[in-house]
Every structure is written in C-alpha cells, then in structure tokens.
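One structure below.
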Amino acid sequence: KKKSKTAGEALFYPNLSKWPPVVDIKDFTKIAKKILEVCREADTEQIFASPVTEAFPEVADAYLNAISDPMDFRTIEEERLPAYQDMQELQDDLIQTFRNCCVYNGEGSDFYHYAVSIWNSLNNIFKEVCEGEGIAVPRRWS
C-alpha cells in the first residue's frame, strides 16, 4: 500500500443516496450484520476485514499519519454497531472504510479501484438484504 496523493487533492468518490429509514429497530442488528456479511463476501481480498494497522503493520505509522478516522468491518461489528441509532450510521462507517483506502492509496491504484467497486455496490447490497428479509424499500429510492 502506498500513498500517491497529497492531502487536499480531490479524488473521485461514489455519490450514494442515503439509506432510507425502513429497518425497524427490532430487525436492526440482524439487518446490519447481514449487510456486513455481504460486504465481507464482496471483499474477496479481505482488505477491509480488520484494522489496517493489524493487517499491514509495516504501514501502520504512515497510515495513521494520513488517516484520522480508521474504520474496518471488524471495528464496525464489534465496536460501532451496538451504538448505532439508524442504518445511515452503518452506511457512513462503510463509506469511511472505503474512503480511507482511496485516500491512503491514491486514485488510480489497484486498492483504490477495489474499494470503489465495493463502495459502488453498497446501495444494491442494502436493497437486496432488505428485500431478502421482507423489508420494502421505496421504489423511487436508488
């Protein structure tokens, strides 16, 4: 993993619609865990499975100097999910996970393209998980 962009340079990021508030609180944890499960399946290289500082200790210092809010799937599930009040918080943390990868590795890198490909699929993942659980998502929402 290398950093090729300097701070402040604009990168292309997917612009996703915010997830609608369709998940009832009683189903929240189940739906959130299923979304994380699908994201983990999409992360075939397991880049986002655990903190970068653990998975890639050789870049830990440089990563923490470049990224102020590290995020990964394990942190989301173990530390963040219990405190969420709505699904948009999960969406925001997932986006933060992918944005961090893009910022650190730079636009055009293999890691950047890998992160953007999963990031672009988040709304479809949300919709498919909800529909699979019998939760209606508004037709106009995309």
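Residues in the stretch 87-113 that are over 17 Å from residue 17 (Cβ atoms) and over 12 Å from the mean Cα position of the chain (by Cα): 103, 104, 105, 106, 107, 108, 109, 110, 111, 112, 113. In the stretch 12-34, the qualifying residues are those that are open to solvent by less than 30 Å² (accessible area, probe 1.4 Å) and either touching a Ser or Thr at 6+ places or on another chain (Cβ under 7 Å) or of a type in the set (A, V, I, L, M, F, W, C) (or both), and the one that is nearest to residue 108 (Cα to Cα) is 19.
The values are calculated or read from the model by the stated rules, or taken from the named source; none is laboratory data. Source: prediction; values computed, not measured. Reconstructed Cβ throughout: ideal geometry from the backbone, glycine too, with neighbour counts over all protein chains shown. Surface accessibility is based on the protein's heavy atoms, side chains included, excluding ligands, DNA and RNA. Shrake-Rupley method; radii C 1.70, N 1.55, O 1.52, S 1.80 Å.
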